[in-house]
1. Within region 81-89, does at least one residue satisfy the condition of being under 17 Å from the mean Cα position of the chain (by Cα) and surrounded by fewer than 17 Cβ atoms within 10 Å (Cβ to Cβ)?
2. Return the total of residues in region 40-66 being under 28 Å from the mean Cα position of the chain (by Cα) and in contact (Cβ under 8 Å) with a residue 40 or more places away in the chain.
3. Could you figure out which of (1) assigned to a loop (DSSP other than H, G, I, E, B); (2) surrounded by 22 or more Cβ atoms within 10 Å (Cβ to Cβ) isn't true of residue 63?
4. More than 29 Å from residue 140 (Cβ to Cβ), out of contact with any helix residue (DSSP H, G or I) (no Cβ under 9 Å at 6 or more places or on another chain), modelled with pLDDT of 95 or more and part of a helix (DSSP H, G or I): does that describe residue 264?
């Protein structure tokens, strides 16, 4: 409850104090609502093929046109949003849990534990997120679960680092030292007294990394390592669109714009939350 309260207060403060953060949040919520309602508001079955109307441009019947197999692009975009959001949210949630725990342990205990843990994290960070994601998905196989695991694995070191730094400072603060004096266990001090104080930094990193997760999922699908067709995913739609871009621009344009808008919204949220933590960052930029 304490963690949730801190998160809600911090997010609420950022939304009310920064208009761009509010704009990003509105766009993000709108995409989430459309994704949830996709089965009810989609004008057509997203996987139903109608070869006779393939590669048609936007019209009253098909607002965003049709793809190579005659499938309605709007319907596929709405359903594809579900996969982008689920993969992004679940992968970053997993990364937050694991990374924060690792960073908390490393920063709290320090010494050899800290050195060993952070050296392992540095090795993982040495690989670009997309390259590491490609390797993991190629090894594990292309499925929703494996893509979530791969993206989470690439993000864990970033959350470990962002959690470790403030923990090393907080463990020396008076309220933590008072906990030692009162005989509190390490677990109680770590999770009741230190962890709630690093929630803002974790939220900022989570919003920015979710944008990275969306881009990574789309990139994996674009190079053929995403969810198998005919399941609609934005990255897969972009790939199919570029294969037929000379015949119809809309097949590649609209899913590309969808990825761009979602990533932009998440970056606006992340930048606003970061400015809420350190207003000097926003002033300098």
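1. yes
2. 3
3. So the condition that residue 63 fails would be (2).
4. No.
Here's the yes/no breakdown for (1) in contact (Cβ under 8 Å) with a residue 40 or more places away in the chain; (2) surrounded by fewer than 17 Cβ atoms within 10 Å (Cβ to Cβ); (3) within 17 Å of the chain's Cα centre (by Cα); (4) not in a helix (DSSP H, G or I):
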{"site": "221", "(1), (2), (3), (4)": "no, no, yes, no"}
{"site": "239", "(1), (2), (3), (4)": "no, no, no, no"}
{"site": "254", "(1), (2), (3), (4)": "yes, no, no, no"}
{"site": "268", "(1), (2), (3), (4)": "yes, no, yes, no"}
{"site": "272", "(1), (2), (3), (4)": "yes, no, yes, no"}
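Each row is one residue, and each column tells you yes or no for (1) over 19 Å from residue 233 (Cβ atoms); (2) touching a strand residue (DSSP E or B) at 6+ places or on another chain (Cβ under 8 Å).
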| position | (1), (2) |
| --- | --- |
| 20 | yes, no |
| 24 | yes, no |
| 36 | no, no |
| 44 | no, yes |
| 47 | no, no |
| 64 | no, yes |
| 69 | no, no |
| 75 | no, no |
| 79 | no, no |
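The values are calculated or read from the model by the stated rules, or taken from the named source; none is laboratory data. This one's a predicted model, so the numbers in the text were calculated from it and none came from an experiment. Don't worry about glycine lacking a Cβ; one is built from the backbone with ideal geometry, like all the others, and counts go over all protein chains shown.
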